[in-house]
Amino acid sequence: MTATLEHPLATVSAQPVALAFTAPAPIVPGEDASTYHDLRARIFDDAKPHGILEELWVRDVVEVVWDVVRLRRCKAWLLTACAQEGMRKVLNSLGEIQPCTLSMGWAARDEAAMAQVNARLAAAGLTMDAVMARTFEAKLDEIERMEHMLTRAEARRAAALRELERHRSTFAQTLRRAAGAAEDAELKLITAAAPRVAPEPA
């Protein structure tokens, strides 16, 4: 008995599948792989891609969305990780003799340093908003580069969505034309096969 070979694309469905020629999931240390796969499954479920081209476009959208989320998270963590620098600037502006030592103790969550910092800020009528503002100022170049990367990522996402929409619009028009041509051909066959009624004699 001759075995029937299945077409390699026969198993492609509307669900996300592992394509051998695509890159692995863009997960870096510290990221939750399950969160990425959940995002991917939800976008694929909403988009319901048909065919390999749509799957590739939808995957592009997934990865760009993940990049955008990562960049926004990195921006937040950058400000958090560098808050010590902002604290040092604020303490220095308040005339602290050892702003570096005190800000390092504050960042290390040393209780004495934290109490001293809180007292200095309260006496000056300042809050952590001032500290984060100085941190933002210190890391403005890095933040601007991240914002530029975010803008480019969002443009890539929009381009992928436009390609998907254009593909579906073109496909729908082609399908309508094919359906119309098929209906016309079928009507001609029906007309040709219909029995002819002889005209009644005058």
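Is it the case that segment 45-57 has a residue that's at pLDDT 85 or above and among the hydrophobic types (A, V, I, L, M, F, W, C)?
no
Taking the stated definitions as given, is ALA47 in contact (Cβ under 8 Å) with a residue 24 or more places away in the chain and open to solvent by 40 Å² or more (accessible area, probe 1.4 Å)?
Criteria not met by ALA47.
Taking only pairs six or more apart or across chains, which ones have beta-carbon atoms under 6 Å, a first residue in segment 152-170 that is in contact (Cβ under 8 Å) with a residue 40 or more places away in the chain, and a second residue that is open to solvent by 60 Å² or more (accessible area, probe 1.4 Å)?
Hits for this filter: ALA160/ASP60.
Do you know which residues across segment 69-120 are open to solvent by 50 Å² or more (accessible area, probe 1.4 Å), farther than 28 Å from ARG145 by Cα and among the charged types (D, E, K, R)?
Residues satisfying the conditions are ARG109, ASP110, GLU111, ARG120.
So which residues in segment 65-100 are in contact with a Ser or Thr (Cβ under 8 Å, 6 or more places away or on another chain) and free of Cβ contacts under 8 Å to residues at least 40 places away in the same chain?
GLN84, ARG88, LEU91
Name the residue, out of GLY105, GLY125, that is modelled with pLDDT of 95 or more, out of contact with any Ser or Thr (no Cβ under 7 Å at 6 or more places or on another chain), at positive phi and among the small types (Gly, Ala, Ser).
GLY125
Quick check: anything in segment 33-43 in contact (Cβ under 8 Å) with a residue 24 or more places away in the chain and farther than 16 Å from ALA160 by Cβ?
yes
The values are calculated or read from the model by the stated rules, or taken from the named source; none is laboratory data. The structure presented is a predicted model; accordingly, all values stated were derived computationally and were not measured. FYI the Cβ positions are ideal-geometry reconstructions off the backbone, even for glycines, and counts take in every protein chain you see. Just so you know, the surface numbers come from the protein's heavy atoms only, side chains and all, with ligands and any DNA or RNA stripped out. Shrake-Rupley method; radii C 1.70, N 1.55, O 1.52, S 1.80 Å.
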